[in-house]
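The values are calculated or read from the model by the stated rules, or taken from the named source; none is laboratory data. Everything quoted here is computed from the prediction, not taken from an experiment. Methodologically, a virtual Cβ is constructed for each residue, glycine included, from the backbone with ideal geometry; neighbour enumeration extends over all protein chains shown. Please note that ligands, DNA and RNA were not included when accessible areas were found on the heavy atoms of the full protein model with its side chains. Shrake-Rupley method; radii C 1.70, N 1.55, O 1.52, S 1.80 Å.
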Amino acid sequence: MSKQLIPSSITGDGTSFATGGSVLEHNFGAGEPYTLGVEEEYMLLDGETLDLVQHVEAVLAAAEGHELEEQVNPELMQSVLEIATPVCRTPAEVDAELRRLRTYVTGLATERGMRVGSAGTHPFSLFERQRITARDRYRHLVDQLQYIARRELIFGLHIHVAIDDPERAIKVVNGLLAHLSSLLALSASSPFWRGELTGLESSRQMVFAAFPRSGPPPRFRDYADYAEVVGQLEKTGCIADYTHIWWDIRLHPRFGTVEIRVCDAVTQVEDAVALAAFCQALVKLYCERHAVGAEIPSYHRILTTENKWLAARYGLEAPVMDLANGRRNRLPVAQLVRRTLKEIEPHARELGSDRELEGIREILARGNGSDRQRRVWNANRDIVEVVREIADATERAAVPA
(Lines give C-alpha, C1' and ligand atoms only; values in the text may rest on other atoms or scores of the structure.)
Protein backbone atom coordinates (compact mmCIF):
# COMPACT_ATOMS: atom_id res chain seq x y z
CA MET A 1 0.00 0.00 0.00
CA SER A 2 1.55 3.26 -1.06
CA LYS A 3 2.06 6.07 1.39
CA GLN A 4 1.12 8.38 -1.47
CA LEU A 5 -2.50 7.87 -0.46
CA ILE A 6 -1.96 9.53 2.92
CA PRO A 7 -3.20 13.15 2.85
CA SER A 8 -0.31 15.57 3.15
CA SER A 9 -1.88 17.14 6.24
CA ILE A 10 -1.60 13.89 8.21
CA THR A 11 1.30 13.88 10.64
CA GLY A 12 0.76 10.43 12.10
CA ASP A 13 -0.64 11.73 15.38
CA GLY A 14 -4.01 10.00 15.10
CA THR A 15 -6.60 9.35 17.76
CA SER A 16 -6.04 6.14 19.72
CA PHE A 17 -8.57 3.52 20.79
CA ALA A 18 -7.89 0.81 23.35
CA THR A 19 -8.38 -2.62 21.82
CA GLY A 20 -8.01 -5.24 24.49
CA GLY A 21 -4.52 -4.12 25.45
CA SER A 22 -3.48 -2.86 22.00
CA VAL A 23 -4.04 0.51 20.33
CA LEU A 24 -5.64 1.21 16.97
CA GLU A 25 -4.88 4.73 15.82
CA HIS A 26 -6.79 6.52 13.09
CA ASN A 27 -6.56 9.60 10.93
CA PHE A 28 -10.23 10.05 10.06
CA GLY A 29 -10.77 13.79 9.78
CA ALA A 30 -7.08 14.65 9.41
CA GLY A 31 -7.54 15.55 5.74
CA GLU A 32 -10.34 16.77 3.50
CA PRO A 33 -13.39 14.50 3.28
CA TYR A 34 -14.18 12.71 0.02
CA THR A 35 -10.66 12.92 -1.37
CA LEU A 36 -9.68 9.90 -3.46
CA GLY A 37 -6.80 7.51 -3.89
CA VAL A 38 -6.76 4.72 -6.47
CA GLU A 39 -4.53 1.65 -6.74
CA GLU A 40 -4.29 -0.55 -9.83
CA GLU A 41 -2.50 -3.89 -10.19
CA TYR A 42 -1.03 -4.49 -13.64
CA MET A 43 0.25 -7.57 -15.48
CA LEU A 44 3.80 -7.51 -16.80
CA LEU A 45 3.68 -9.24 -20.19
CA ASP A 46 6.25 -10.61 -22.59
CA GLY A 47 6.25 -8.32 -25.62
CA GLU A 48 5.84 -11.24 -28.06
CA THR A 49 4.15 -14.19 -26.34
CA LEU A 50 2.03 -11.99 -24.01
CA ASP A 51 2.57 -14.52 -21.20
CA LEU A 52 3.41 -13.10 -17.78
CA VAL A 53 7.08 -12.33 -17.10
CA GLN A 54 8.90 -12.18 -13.76
CA HIS A 55 10.53 -8.77 -14.19
CA VAL A 56 9.01 -6.43 -11.61
CA GLU A 57 12.44 -5.85 -10.04
CA ALA A 58 13.76 -4.53 -13.37
CA VAL A 59 10.89 -2.05 -13.55
CA LEU A 60 11.36 -0.96 -9.93
CA ALA A 61 15.11 -0.50 -10.47
CA ALA A 62 14.42 1.65 -13.53
CA ALA A 63 12.05 3.82 -11.48
CA GLU A 64 14.63 4.57 -8.75
CA GLY A 65 15.20 8.28 -8.38
CA HIS A 66 12.22 9.22 -10.54
CA GLU A 67 9.52 11.50 -9.12
CA LEU A 68 7.00 8.65 -9.48
CA GLU A 69 9.19 6.06 -7.74
CA GLU A 70 7.06 5.87 -4.59
CA GLN A 71 3.89 5.42 -6.62
CA VAL A 72 5.18 2.28 -8.36
CA ASN A 73 5.34 -0.76 -6.10
CA PRO A 74 5.79 -4.55 -6.11
CA GLU A 75 3.11 -7.06 -5.25
CA LEU A 76 3.07 -10.70 -4.14
CA MET A 77 4.28 -12.06 -7.48
CA GLN A 78 7.11 -10.80 -9.67
CA SER A 79 4.78 -10.56 -12.66
CA VAL A 80 2.56 -7.97 -10.93
CA LEU A 81 3.13 -4.23 -10.65
CA GLU A 82 1.03 -1.94 -8.45
CA ILE A 83 0.59 1.78 -9.00
CA ALA A 84 -1.02 4.22 -6.57
CA THR A 85 -2.22 7.74 -7.26
CA PRO A 86 -1.50 10.60 -4.89
CA VAL A 87 -4.47 12.06 -3.03
CA CYS A 88 -6.95 13.45 -5.57
CA ARG A 89 -9.84 15.80 -4.89
CA THR A 90 -11.88 14.83 -7.93
CA PRO A 91 -12.25 11.92 -10.34
CA ALA A 92 -10.90 14.25 -13.05
CA GLU A 93 -7.63 14.37 -11.07
CA VAL A 94 -7.75 10.57 -10.77
CA ASP A 95 -8.05 10.40 -14.57
CA ALA A 96 -4.99 12.59 -15.06
CA GLU A 97 -2.91 10.70 -12.48
CA LEU A 98 -3.84 7.24 -13.80
CA ARG A 99 -2.97 8.28 -17.35
CA ARG A 100 0.32 9.71 -16.13
CA LEU A 101 1.18 6.50 -14.27
CA ARG A 102 0.08 4.23 -17.11
CA THR A 103 2.20 6.27 -19.51
CA TYR A 104 5.21 5.99 -17.23
CA VAL A 105 5.06 2.25 -16.51
CA THR A 106 4.18 1.46 -20.13
CA GLY A 107 7.32 3.32 -21.18
CA LEU A 108 9.49 1.46 -18.66
CA ALA A 109 8.04 -1.86 -19.80
CA THR A 110 8.41 -1.13 -23.52
CA GLU A 111 12.08 -0.22 -23.11
CA ARG A 112 12.62 -3.69 -21.63
CA GLY A 113 10.68 -5.69 -24.20
CA MET A 114 7.53 -5.95 -22.10
CA ARG A 115 3.95 -4.80 -22.25
CA VAL A 116 1.44 -3.84 -19.53
CA GLY A 117 -2.11 -5.15 -19.14
CA SER A 118 -4.95 -4.50 -16.73
CA ALA A 119 -7.68 -7.09 -16.07
CA GLY A 120 -8.84 -9.23 -13.16
CA THR A 121 -6.91 -12.33 -14.31
CA HIS A 122 -4.42 -13.19 -17.03
CA PRO A 123 -6.40 -15.35 -19.47
CA PHE A 124 -3.87 -18.19 -19.82
CA SER A 125 -0.82 -17.80 -17.53
CA LEU A 126 -0.37 -20.38 -14.77
CA PHE A 127 0.23 -19.51 -11.14
CA GLU A 128 2.69 -22.42 -10.79
CA ARG A 129 5.13 -20.55 -13.05
CA GLN A 130 5.12 -17.32 -11.05
CA ARG A 131 7.90 -16.36 -8.66
CA ILE A 132 7.21 -14.74 -5.30
CA THR A 133 8.61 -11.23 -4.89
CA ALA A 134 11.75 -11.14 -2.75
CA ARG A 135 10.28 -9.22 0.19
CA ASP A 136 9.85 -10.51 3.75
CA ARG A 137 6.15 -9.56 3.78
CA TYR A 138 5.38 -11.74 0.77
CA ARG A 139 7.55 -14.67 1.84
CA HIS A 140 5.85 -14.65 5.23
CA LEU A 141 2.44 -14.53 3.54
CA VAL A 142 3.25 -17.61 1.44
CA ASP A 143 4.70 -19.38 4.48
CA GLN A 144 1.46 -18.68 6.36
CA LEU A 145 -1.12 -19.31 3.62
CA GLN A 146 0.75 -21.84 1.47
CA TYR A 147 -1.17 -22.95 -1.66
CA ILE A 148 -3.84 -20.28 -1.14
CA ALA A 149 -1.23 -17.51 -1.52
CA ARG A 150 0.68 -19.24 -4.35
CA ARG A 151 -2.56 -19.45 -6.34
CA GLU A 152 -3.33 -15.75 -5.98
CA LEU A 153 -2.54 -14.71 -9.55
CA ILE A 154 -5.19 -12.01 -9.64
CA PHE A 155 -5.36 -8.25 -10.18
CA GLY A 156 -7.56 -5.72 -8.41
CA LEU A 157 -8.67 -2.09 -8.41
CA HIS A 158 -8.81 -0.48 -4.96
CA ILE A 159 -10.53 2.87 -4.36
CA HIS A 160 -9.99 4.93 -1.18
CA VAL A 161 -12.41 7.68 -0.13
CA ALA A 162 -11.55 9.90 2.86
CA ILE A 163 -14.08 10.28 5.68
CA ASP A 164 -13.96 12.85 8.47
CA ASP A 165 -15.15 10.74 11.42
CA PRO A 166 -14.52 7.11 12.48
CA GLU A 167 -18.10 6.49 13.64
CA ARG A 168 -19.38 7.81 10.32
CA ALA A 169 -16.90 5.57 8.49
CA ILE A 170 -18.35 2.48 10.19
CA LYS A 171 -21.89 3.39 9.12
CA VAL A 172 -20.75 4.18 5.57
CA VAL A 173 -19.17 0.74 5.24
CA ASN A 174 -22.42 -0.84 6.45
CA GLY A 175 -24.33 1.10 3.80
CA LEU A 176 -21.87 0.27 1.01
CA LEU A 177 -22.36 -3.46 1.55
CA ALA A 178 -25.59 -3.29 -0.44
CA HIS A 179 -23.58 -2.08 -3.46
CA LEU A 180 -21.00 -4.88 -3.62
CA SER A 181 -22.89 -6.62 -6.41
CA SER A 182 -23.11 -3.41 -8.45
CA LEU A 183 -19.41 -2.63 -8.08
CA LEU A 184 -18.38 -6.15 -8.99
CA ALA A 185 -20.73 -6.39 -11.98
CA LEU A 186 -19.49 -3.07 -13.35
CA SER A 187 -15.81 -3.98 -12.96
CA ALA A 188 -15.84 -7.73 -13.73
CA SER A 189 -13.00 -8.48 -16.14
CA SER A 190 -11.82 -12.02 -15.41
CA PRO A 191 -13.84 -14.59 -17.39
CA PHE A 192 -10.73 -16.72 -18.04
CA TRP A 193 -8.62 -18.76 -15.62
CA ARG A 194 -5.67 -20.95 -16.64
CA GLY A 195 -6.63 -20.83 -20.32
CA GLU A 196 -10.26 -21.78 -19.75
CA LEU A 197 -13.41 -19.73 -20.25
CA THR A 198 -14.92 -20.35 -16.83
CA GLY A 199 -18.51 -19.25 -17.37
CA LEU A 200 -17.96 -16.66 -14.63
CA GLU A 201 -17.75 -12.92 -15.09
CA SER A 202 -15.24 -12.61 -12.24
CA SER A 203 -13.00 -15.64 -11.76
CA ARG A 204 -10.85 -13.38 -9.60
CA GLN A 205 -13.50 -13.38 -6.89
CA MET A 206 -13.56 -17.16 -6.75
CA VAL A 207 -9.77 -17.34 -6.38
CA PHE A 208 -9.59 -14.68 -3.67
CA ALA A 209 -12.50 -16.20 -1.74
CA ALA A 210 -10.07 -18.82 -0.36
CA PHE A 211 -8.17 -16.12 1.55
CA PRO A 212 -8.92 -15.80 5.26
CA ARG A 213 -10.59 -12.59 6.38
CA SER A 214 -11.95 -11.91 2.88
CA GLY A 215 -15.41 -11.34 1.43
CA PRO A 216 -18.00 -8.86 2.73
CA PRO A 217 -17.07 -7.48 6.16
CA PRO A 218 -19.25 -8.05 9.21
CA ARG A 219 -21.45 -5.19 10.34
CA PHE A 220 -19.92 -3.31 13.28
CA ARG A 221 -21.88 -1.29 15.84
CA ASP A 222 -19.27 1.48 16.08
CA TYR A 223 -15.54 2.14 15.79
CA ALA A 224 -14.82 0.73 19.25
CA ASP A 225 -16.47 -2.54 18.20
CA TYR A 226 -14.27 -2.66 15.08
CA ALA A 227 -11.14 -1.75 17.07
CA GLU A 228 -11.87 -4.48 19.61
CA VAL A 229 -12.10 -7.14 16.90
CA VAL A 230 -8.90 -5.98 15.19
CA GLY A 231 -7.15 -5.79 18.56
CA GLN A 232 -8.15 -9.36 19.39
CA LEU A 233 -6.71 -10.60 16.08
CA GLU A 234 -3.51 -8.63 16.63
CA LYS A 235 -2.87 -9.49 20.27
CA THR A 236 -3.37 -13.22 19.63
CA GLY A 237 -0.90 -13.10 16.74
CA CYS A 238 -3.42 -14.05 14.07
CA ILE A 239 -2.51 -10.94 12.08
CA ALA A 240 0.39 -8.51 12.20
CA ASP A 241 -1.92 -5.52 11.66
CA TYR A 242 -5.28 -4.62 10.13
CA THR A 243 -3.88 -4.59 6.57
CA HIS A 244 -3.95 -8.40 6.79
CA ILE A 245 -7.74 -8.16 6.81
CA TRP A 246 -8.77 -8.38 3.15
CA TRP A 247 -12.50 -7.64 3.21
CA ASP A 248 -14.26 -6.38 0.07
CA ILE A 249 -14.67 -3.05 1.85
CA ARG A 250 -12.52 -2.17 4.83
CA LEU A 251 -11.55 0.77 6.97
CA HIS A 252 -8.02 2.05 6.49
CA PRO A 253 -7.54 3.98 9.76
CA ARG A 254 -3.96 5.07 9.00
CA PHE A 255 -5.13 6.78 5.80
CA GLY A 256 -8.47 7.90 7.25
CA THR A 257 -10.32 6.26 4.36
CA VAL A 258 -12.83 3.64 3.45
CA GLU A 259 -11.16 1.29 0.96
CA ILE A 260 -13.38 -0.41 -1.64
CA ARG A 261 -11.51 -3.56 -2.72
CA VAL A 262 -14.17 -5.69 -4.43
CA CYS A 263 -13.49 -4.49 -7.99
CA ASP A 264 -11.54 -6.43 -10.60
CA ALA A 265 -8.73 -4.48 -12.24
CA VAL A 266 -10.32 -2.77 -15.25
CA THR A 267 -8.73 -2.42 -18.66
CA GLN A 268 -10.02 0.99 -19.72
CA VAL A 269 -8.91 3.94 -17.63
CA GLU A 270 -12.31 5.58 -18.17
CA ASP A 271 -13.92 2.69 -16.29
CA ALA A 272 -11.59 3.12 -13.31
CA VAL A 273 -12.40 6.84 -13.20
CA ALA A 274 -16.14 6.19 -13.44
CA LEU A 275 -15.95 3.67 -10.60
CA ALA A 276 -14.02 6.18 -8.48
CA ALA A 277 -16.75 8.77 -9.12
CA PHE A 278 -19.43 6.20 -8.26
CA CYS A 279 -17.73 5.31 -4.95
CA GLN A 280 -17.04 8.93 -4.01
CA ALA A 281 -20.67 9.96 -4.56
CA LEU A 282 -21.95 6.92 -2.64
CA VAL A 283 -19.72 7.76 0.32
CA LYS A 284 -20.96 11.35 0.28
CA LEU A 285 -24.58 10.13 0.19
CA TYR A 286 -24.12 7.97 3.28
CA CYS A 287 -21.98 10.52 5.14
CA GLU A 288 -24.70 13.13 4.75
CA ARG A 289 -27.38 10.70 5.85
CA HIS A 290 -25.36 9.92 8.97
CA ALA A 291 -24.76 13.62 9.67
CA VAL A 292 -28.50 14.33 9.92
CA GLY A 293 -29.27 11.18 11.90
CA ALA A 294 -31.02 9.40 9.03
CA GLU A 295 -31.03 5.62 8.98
CA ILE A 296 -28.46 3.87 6.81
CA PRO A 297 -29.87 0.45 5.94
CA SER A 298 -27.60 -2.57 6.28
CA TYR A 299 -28.28 -6.19 5.50
CA HIS A 300 -27.21 -9.58 6.75
CA ARG A 301 -23.91 -10.83 5.38
CA ILE A 302 -25.53 -13.92 3.83
CA LEU A 303 -27.71 -11.65 1.67
CA THR A 304 -24.92 -9.37 0.48
CA THR A 305 -22.73 -12.43 -0.15
CA GLU A 306 -25.44 -14.04 -2.28
CA ASN A 307 -25.82 -10.91 -4.39
CA LYS A 308 -22.05 -10.70 -4.80
CA TRP A 309 -21.95 -14.31 -6.00
CA LEU A 310 -24.67 -13.58 -8.55
CA ALA A 311 -22.66 -10.61 -9.86
CA ALA A 312 -19.49 -12.71 -10.08
CA ARG A 313 -21.38 -15.36 -12.05
CA TYR A 314 -23.61 -13.27 -14.34
CA GLY A 315 -22.06 -9.77 -14.40
CA LEU A 316 -24.36 -6.98 -15.52
CA GLU A 317 -27.16 -9.48 -16.17
CA ALA A 318 -27.10 -10.79 -12.59
CA PRO A 319 -30.61 -11.27 -11.11
CA VAL A 320 -29.84 -9.87 -7.66
CA MET A 321 -32.12 -9.53 -4.65
CA ASP A 322 -33.61 -6.06 -4.29
CA LEU A 323 -32.64 -5.68 -0.64
CA ALA A 324 -33.87 -2.11 -0.32
CA ASN A 325 -37.38 -2.73 -1.67
CA GLY A 326 -38.46 -6.10 -0.38
CA ARG A 327 -36.31 -9.16 0.02
CA ARG A 328 -38.65 -11.35 -2.02
CA ASN A 329 -37.99 -9.40 -5.20
CA ARG A 330 -35.13 -9.79 -7.71
CA LEU A 331 -34.06 -7.47 -10.48
CA PRO A 332 -31.17 -7.16 -12.97
CA VAL A 333 -28.18 -5.58 -11.28
CA ALA A 334 -27.98 -3.06 -14.15
CA GLN A 335 -31.41 -1.78 -13.08
CA LEU A 336 -30.16 -1.48 -9.52
CA VAL A 337 -27.16 0.54 -10.77
CA ARG A 338 -29.43 2.92 -12.69
CA ARG A 339 -31.56 3.43 -9.59
CA THR A 340 -28.45 4.17 -7.54
CA LEU A 341 -27.24 6.66 -10.14
CA LYS A 342 -30.43 8.70 -9.70
CA GLU A 343 -29.80 8.79 -5.94
CA ILE A 344 -26.19 9.88 -6.15
CA GLU A 345 -26.24 12.23 -9.16
CA PRO A 346 -26.95 15.34 -7.00
CA HIS A 347 -23.97 14.44 -4.82
CA ALA A 348 -21.77 13.92 -7.88
CA ARG A 349 -22.74 17.40 -9.13
CA GLU A 350 -21.74 18.91 -5.79
CA LEU A 351 -18.42 17.07 -6.02
CA GLY A 352 -17.90 18.24 -9.61
CA SER A 353 -17.83 14.66 -10.87
CA ASP A 354 -21.10 14.33 -12.77
CA ARG A 355 -19.28 14.03 -16.12
CA GLU A 356 -17.07 11.20 -14.86
CA LEU A 357 -20.08 9.47 -13.30
CA GLU A 358 -21.60 9.25 -16.80
CA GLY A 359 -18.96 6.60 -17.44
CA ILE A 360 -21.08 4.18 -15.39
CA ARG A 361 -23.88 4.49 -17.96
CA GLU A 362 -21.33 3.85 -20.69
CA ILE A 363 -20.31 0.59 -19.01
CA LEU A 364 -23.97 -0.42 -18.82
CA ALA A 365 -24.39 0.35 -22.52
CA ARG A 366 -21.29 -1.39 -23.92
CA GLY A 367 -20.64 -4.04 -21.30
CA ASN A 368 -17.89 -4.67 -18.76
CA GLY A 369 -14.38 -6.02 -19.32
CA SER A 370 -15.53 -9.65 -19.27
CA ASP A 371 -18.04 -8.91 -22.02
CA ARG A 372 -15.29 -7.38 -24.17
CA GLN A 373 -12.91 -10.30 -23.60
CA ARG A 374 -15.57 -12.82 -24.59
CA ARG A 375 -16.36 -10.89 -27.78
CA VAL A 376 -12.68 -11.05 -28.79
CA TRP A 377 -12.55 -14.77 -27.93
CA ASN A 378 -15.72 -15.59 -29.83
CA ALA A 379 -14.35 -14.07 -33.05
CA ASN A 380 -11.35 -16.43 -33.48
CA ARG A 381 -11.11 -18.61 -30.35
CA ASP A 382 -7.60 -17.14 -29.94
CA ILE A 383 -6.73 -16.58 -26.29
CA VAL A 384 -3.50 -14.74 -27.13
CA GLU A 385 -5.59 -12.27 -29.10
CA VAL A 386 -7.63 -11.69 -25.93
CA VAL A 387 -4.48 -10.72 -24.01
CA ARG A 388 -3.28 -8.55 -26.89
CA GLU A 389 -6.57 -6.64 -26.81
CA ILE A 390 -6.17 -6.15 -23.04
CA ALA A 391 -2.64 -4.79 -23.50
CA ASP A 392 -3.66 -2.54 -26.40
CA ALA A 393 -6.56 -1.03 -24.44
CA THR A 394 -4.47 -0.63 -21.28
CA GLU A 395 -1.69 1.15 -23.14
CA ARG A 396 -4.12 3.35 -25.10
CA ALA A 397 -5.07 4.85 -21.74
CA ALA A 398 -1.56 6.30 -21.61
CA VAL A 399 -2.70 8.76 -24.29
CA PRO A 400 -4.90 11.58 -22.86
CA ALA A 401 -8.54 11.43 -23.92
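Quick notes on this one:
- Inside region 368-401, residues that are surrounded by 18 or more Cβ atoms within 10 Å (Cβ to Cβ) and not in a helix (DSSP H, G or I) make up a count of 3.
- Any pair with Cβ under 8 angstrom, 6 or more apart, that starts in region 129-150 at a residue that is in a helix (DSSP H, G or I) and ends at one that is open to solvent by 30 Å² or more (accessible area, probe 1.4 Å) and of a type in the set (Lys, Arg): 142/150
- Evaluation of residue 271 against (1) surrounded by fewer than 18 Cβ atoms within 10 Å (Cβ to Cβ); (2) touching a helix residue (DSSP H, G or I) at 6+ places or on another chain (Cβ under 8 Å); (3) among the charged types (D, E, K, R) (one fails), failing number: (1)
- Figure legend. Inter-residue proximity from region 249-272: first residues over 28 Å from residue 122 (Cα atoms), second residues open to solvent by 10 Å² or more (accessible area, probe 1.4 Å) and of a type in the set (S, T, N, Q), beta-carbon distance below 6 Å, spacing 6+ or different chains. Indicated pairs: 256/27.
- Considering 379, 397, the condition of being at pLDDT 95 or above and of a type outside the set (Lys, Arg) is satisfied by 379 alone.
- In this structure, residue 333 qualifies as touching a strand residue (DSSP E or B) at 6+ places or on another chain (Cβ under 7 Å), of a type outside the set (Gly, Ala, Ser), crowded, with 18+ Cβ neighbours inside 10 Å and modelled with pLDDT of 95 or more.
- Residue 292, sole failed condition from (1) farther than 17 Å from residue 165 by Cβ; (2) open to solvent by 10 Å² or more (accessible area, probe 1.4 Å); (3) modelled with pLDDT of 95 or more: (1)
- Residues satisfying the stated conditions in region 62-90, i.e. among the hydroxyl-bearing types (Ser, Thr, Tyr) and open to solvent by less than 30 Å² (accessible area, probe 1.4 Å): 79, 85
- The requirement of being touching a Ser or Thr at 6+ places or on another chain (Cβ under 8 Å), of a type in the set (A, V, I, L, M, F, W, C) and part of a helix (DSSP H, G or I) is fulfilled somewhere in region 346-360, by at least one residue.
Yes/no matrix, rows are residues, columns are (1) in a loop (DSSP other than H, G, I, E, B); (2) without any contact (Cβ under 8 Å) to a residue 60 or more places away in the chain:
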position	(1), (2)
44	no, no
50	yes, no
54	yes, no
62	no, yes
65	yes, yes
97	no, yes
100	no, yes
108	no, yes
119	yes, no
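- Residue match in region 336-356 (condition: within 22 Å of the chain's Cα centre (by Cα), modelled with pLDDT of 95 or more, open to solvent by 30 Å² or more (accessible area, probe 1.4 Å) and of a type in the set (Lys, Arg)): yes
Conditions tested, residue by residue: (1) closer than 27 Å to residue 368 by Cβ; (2) in contact with a Phe, Trp or Tyr (Cβ under 6 Å, 6 or more places away or on another chain); (3) of a type outside the set (S, T, N, Q).
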{"position": "145", "(1), (2), (3)": "no, no, yes"}
{"position": "158", "(1), (2), (3)": "yes, no, yes"}
{"position": "163", "(1), (2), (3)": "no, yes, yes"}
{"position": "181", "(1), (2), (3)": "yes, no, no"}
{"position": "185", "(1), (2), (3)": "yes, no, yes"}
{"position": "197", "(1), (2), (3)": "yes, no, yes"}
{"position": "227", "(1), (2), (3)": "no, yes, yes"}
{"position": "234", "(1), (2), (3)": "no, no, yes"}
{"position": "237", "(1), (2), (3)": "no, no, yes"}
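- Within region 182-217, the residues that satisfy the criterion of being among the polar types (S, T, N, Q), in a strand (DSSP E or B) and surrounded by 19 or more Cβ atoms within 10 Å (Cβ to Cβ) are 190, 202.
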